[in-house]
Amino acid sequence: MADDALNELGFYVLAGGPTSPKPLLGEVRDAEQIGLGSGFVSERYNVKEAATLSGAVGAVTAKLGVATAATNHNSRHPLVTASFATTMHRLTDGRFTLGLGRGIAPLQAAYGLPPITTAQLEDMAGILRRLWKGEAIFDHNGPAGHWPVLHLDNAFDEDIPLLLVAFGPQTLALAGRAYDSVVLHTFFTDETTANAVTAVRRAAEEAGRDPASVRIWSCFATVPDPVDETDLLKRTVGRLATYLQGYGDLLVKTNRWDPEALARFRADPVVSTVPGAIDTVADHAQLAHIAGLLPKEWLASAAIGSPEACATAARAQFDLGVDGVILHGSTPAQLAPVVEAYRTLPRPAGAERWPANPGAISSTSKPSESSR
């Protein structure tokens, strides 16, 4: 296990659409071995249920930070979510961050879940923090919902970081004023990333917080050599195309991309007939065809090529103002040469002070002795 962990670097466990959760166990062990600081857990309603995966990460690691990025607060009762986070907090001795997000609106609607609003995410942050401090909440009636009683344990006095996966201006502002950490979206341009950092810091300052107290992560697609053509297409073209399927209007608007290119993408007969998420079900011919539909600059915000080139590109993300970079789309085994190359570069100022917990800025998130 690497003693000199790079806590400014993270990765997503089970990136993409796996058919089994079991590879996670090897991934997180490899991550600790090469010195990655954090493992981020995304959620899909198949074999990527976030609570189970988070527990597995915590159980087989000793130093790796863990965060959901993200789960949705409306898919579980708030007591279940709060208990999950507290359990993870104790299991990992303070290495866990609970990350929330809006989800994909069309899927939420299809599943009969109410749309997630900014007001709900802010309300839920307040509820969770009160529960973790042992408070009993009576007759809560707010944007997140109405509950007669919410209570975990009056002995609790926990500091569990909250993370928000943020995209648009309202969510970025919310992250700045009410959350401890934020994960930006993959395939953000440099300009978009820098603007997002400014928005988060400004909102924190306006809320009377220290702008530097919000830990901001860039989610940076990273696909190092060697990689075969189909895999490269799946982890770049396929991944971006899947995002465009789910929330293309927002991504195009945020990056100030050409909306006509998005319209052509959506109208294409190959795209419209792929039966599911493109990064999961499309074959090589379909991916190659879709690659021709996407403007080259849309895929430019990624690290692709030699490990040295990927490491240099990842290091450059810090110049945009972020505090951490998630090397997204590759396993720790694939990222090992990139991490090795990164170690030859100057680390960002202050990086050695970041804790492993990806939502914390200090080590104060340890479980309190009185509540163990």
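Among the strands (runs of 3 or more DSSP E) contained in the stretch 72-160, which hold 1 or more residues that are in the same structural domain as Tyr179 (by TED's automatic domain parsing), in contact (Cβ under 8 Å) with a residue 12 or more places away in the chain and on the phi > 0 side of the Ramachandran plot?
Filter on the stretch 72-160 gives 145-150.
Let me spell it out: the conditions are (1) farther than 25 Å from Asn195 by Cα; (2) of a type in the set (Val, Ile, Thr); (3) not in a loop (DSSP other than H, G, I, E, B), and Ile326 meets all of them except one. Which number is the exception?
Against the list (1) farther than 25 Å from Asn195 by Cα; (2) of a type in the set (Val, Ile, Thr); (3) not in a loop (DSSP other than H, G, I, E, B), Ile326 comes up short only on (1).
When you look at Leu345, is it surrounded by 19 or more Cβ atoms within 10 Å (Cβ to Cβ) and of a type in the set (A, V, I, L, M), yes or no?
no
So how many residues does the stretch 227-266 have that are crowded, with 18+ Cβ neighbours inside 10 Å, of a type in the set (A, V, I, L, M) and touching a residue at least 12 places away in the same chain (Cβ under 8 Å)?
Number of matching residues: 7.
Anything in the stretch 209-252 that is in a helix (DSSP H, G or I) and among the small types (Gly, Ala, Ser)? List them, or say none.
If the condition is that a residue be in a helix (DSSP H, G or I) and among the small types (Gly, Ala, Ser), then Ala212, Ser213, Gly238, Ala241, Gly246, Gly248 are the ones that fit.
Among the residues of the stretch 158-215, write down those that are aromatic (Phe, Trp, Tyr) and modelled with pLDDT of 95 or more.
Correct list: Tyr179, Phe187, Phe188.
Ile104 versus (1) β-branched (Val, Ile, Thr); (2) at pLDDT 95 or above; (3) within 21 Å of Leu14 (Cα to Cα): which is the lone unmet condition?
The single condition Ile104 does not satisfy is (2).
Would you mind finding the one in Glu260, Glu340 that is of a type in the set (Asp, Glu) and either in the same structural domain as Gly176 (by TED's automatic domain parsing) or assigned to a loop (DSSP other than H, G, I, E, B) (or both)?
Glu340
Within the stretch 108-128, is there a residue that is among the aromatic types (Phe, Trp, Tyr), within 25 Å of Leu240 (Cβ to Cβ), surrounded by fewer than 23 Cβ atoms within 10 Å (Cβ to Cβ) and in contact with a His (Cβ under 8 Å, 6 or more places away or on another chain)?
Among the residues of the stretch 108-128, not one is among the aromatic types (Phe, Trp, Tyr), within 25 Å of Leu240 (Cβ to Cβ), surrounded by fewer than 23 Cβ atoms within 10 Å (Cβ to Cβ) and in contact with a His (Cβ under 8 Å, 6 or more places away or on another chain), which makes the answer no.
The values are calculated or read from the model by the stated rules, or taken from the named source; none is laboratory data. Treat the numbers as computed from the prediction; the structure is a model and nothing was measured. All Cβ positions, glycine included, derive from the backbone under ideal geometry; neighbour counts span all protein chains shown.
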